[in-house]
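The values are calculated or read from the model by the stated rules, or taken from the named source; none is laboratory data. No experiment lies behind these values; they were computed from the predicted model shown. Reconstructed Cβ throughout: ideal geometry from the backbone, glycine too, with neighbour counts over all protein chains shown. Surface areas here come from the heavy atoms of the whole protein model, side chains and all, with no ligands, DNA or RNA. Shrake-Rupley method; radii C 1.70, N 1.55, O 1.52, S 1.80 Å.
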Amino acid sequence: MLPVTFAVAEGTIWSAIDRKPKRTAEPARLRFLRRDPRAALTVDRYSDDWEELAWVQVLGSIQILDPSEGAAGLGALREKYVQYRDEAPPGPLLALEPKRYLWWRAADPEGQGGRSAVPGD
């Protein structure tokens with residue numbers, strides 16, 4: 001599990017390799033994704049009121065792109081994160097193409113959550 005920044009543009013979930021210090025020239029996550037592009041992004045909502053707890057998980061495959069190939073994604077990231085407005089992340093960009101969504105929320109009376117395949121399932 002790795003925390004990431006992300007933004008949505010044109011039906012794709014975008015993330016980027018930013019300027020924070022890295023141990024190697026190519027981070028391990030990129031080496032791993034080049035071998036196996038399957039990925040999951042999980043976003044949770046925490047609250048002290050446990051009735052408000054929820055999460056969503058997006059399953060799909062990642063494309064590793066040069067920033068020049070992902071203008072919409074880079075624009076969405078810069079719009080969402082003020083840190084990227086002053087200095088855009090150098091990349092590469094990670095484009096997650098959703099294939100399946102899973103979710104759960106505490107307020108669901110059945111506690112079952114939901115599942116959906118993409119597109120429009």
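Nearest 20 debye, what's the magnitude of the dipole of the chain about its Cα centre given +1 on Lys and Arg Cβ and -1 on Asp and Glu Cβ? All intermediate terms of the calculation are to be shown ahead of the outcome.
Numbers: 17 positive and 18 negative charges, 143 e Å.
Computed about the Cα centre, the dipole is about 680 debye.
Between ALA88 and GLU51, the modelled labels are 4.6 nm apart [label points 7 Å from Cα along Cα→Cβ]. For the chain, the longest principal axis of the alpha carbon atoms and the long axis of helix 71-80 meet at an angle near 60°. Placing unit charges on the Cβ atoms of the charged side chains and taking the dipole of the chain about its Cα centre, the candidate lying farthest along the positive direction among ALA39, PRO27, TRP55 is PRO27.
For the pair ARG19 and ASP44, label points projected 7 Å from Cα toward Cβ lie 3.2 nm apart.
PRE reach from ALA107 (point 7 Å along Cα→Cβ): which of the range 28-45 fall under 15 Å by backbone N? The answer is 45.
Residues whose amide H comes within less than 5 Å of that of GLY91, counting only those at least five positions distant or on another chain, are ILE17 (H built at 1.01 Å from N in the peptide plane). Within the accessible area of the chain, the carbon and sulfur atoms contribute 52%, probe 1.4 Å, all protein chains present.
Please return the longest range in the chain lying between exposed loop sites, taking GluC sites (Glu not before Pro), DSSP loop only, at most 13 other beta-carbon atoms within 10 Å, and leaving the sites out. Please report the intermediate quantities before stating the final value.
Details: sites that count: GLU10, GLU87, GLU110.
The reported range is 11-86.
Quick one: net charge around TRP14, please, counting Lys, Arg +1 and Asp, Glu -1 for every other residue with C-beta under 14 Å from its C-beta. Let's see the in-between values first.
Details: positive: ARG78, LYS80; negative: GLU10, ASP18, ASP66, GLU69, GLU79, GLU97.
That sum, taken over residues with Cβ under 14 Å, equals -4.
Report the net charge of residues surrounding THR5, where surrounding means a beta-carbon distance below 9 angstrom and charges are Lys +1, Arg +1, Asp -1, Glu -1.
Numbers: positive: LYS80; negative: ASP18.
Summing Lys/Arg as +1 and Asp/Glu as -1 gives 0.
Averaged over its residues, the range 52-102 has an accessible area of 53 Å² per residue, based on protein heavy atoms and a 1.4 Å probe.
The heavy atoms of ARG31 present about 100 square angstrom of accessible area, all protein chains included, probe 1.4 Å.
For the range 1-43, the residues whose amide N sits under 14 Å from a probe point set 7 Å from the Cα of SER61 along the beta carbon direction are 33-40.
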